[in-house]
Amino acid sequence: MGKFMQMKSTLFIISGWVILFIVNKKVNIIPLLCSNGINKLNEEYYRFITGAMLHNDLIHLLVNCFALYWIGYYLERNIGSVKFLIFGILACILSEVIFLSIYSEAESSFGGSTFTFAFIGLILVLQFLRPELQKLKLGTLCGNCIFIYGIFSNIPSFYFIDITTVI
């Protein structure tokens, strides 16, 4: 139970993803909460964060939960729960603003990959800026899982079965 207590923010985000996934299966909340292109936003700025909390299919949810678990396992213990959560939220908002400015007419954008990739980027930066931190290494379960996610989540391998987002 001790390791779980060191991952409060990770488990908070994963719990939010799961709860919203279940609610979405009962009542379609994606149109209400997903991100839209800047030109279609209608001053509904909450969508910059709520879109990153939504998943439309089970594979998308499970892969992101798996990735965030291992990312949080490493990162939250090293920077603390509060910094972990604040960084995740700010990075998520910033990436949504940039993405939805580029794709200003986008009908929808959702998925937790904005969290996971922001955290992977932070891990890479911290490897150089904070030499006192334990290094994330390949050959460890945590390092291997994050590496595999970082590579394979960039391959749109499920496009042929109509998954609307890249994992």
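Throughout, read-outs are computed from the coordinates displayed, never taken from laboratory work. Note that this is a predicted model, so its numbers are computed, not measured. Here the Cβ positions follow ideal geometry from the backbone for every residue, glycine too, while neighbour counts run over all protein chains shown.
According to the square roots a ≥ b ≥ c of the eigenvalues of the Cα gyration tensor, what is the shape class of segment 38-103, taking rounded for a/c under 1.5, prolate for a/b larger than b/c otherwise, and oblate for the remainder?
oblate
So what's the net charge close to Thr50: Lys and Arg +1, Asp and Glu -1, counting the other residues with Cβ under 14 Å from its Cβ?
-1
Under the rule a/c < 1.5 gives rounded, and otherwise a/b versus b/c splits prolate from oblate, where does the chain land using the Cα gyration tensor?
prolate
With each label point set 7 Å from Cα along the Cα-Cβ vector, what nm distance links Phe128 and Ile151?
So the label points at Phe128 and Ile151 sit 2.2 nm apart.
Tell me, what ³J(HN,Hα) does each residue in segment 31-46 have, in order and in whole Hz, if you take phi through Karplus 6.51 cos²θ - 1.76 cosθ + 1.60 with θ = phi - 60° and put x for Gly and Pro?
Coupling constants for segment 31-46: x, 7, 10, 5, 6, 10, x, 3, 6, 10, 6, 6, 6, 9, 5, 4 Hz.
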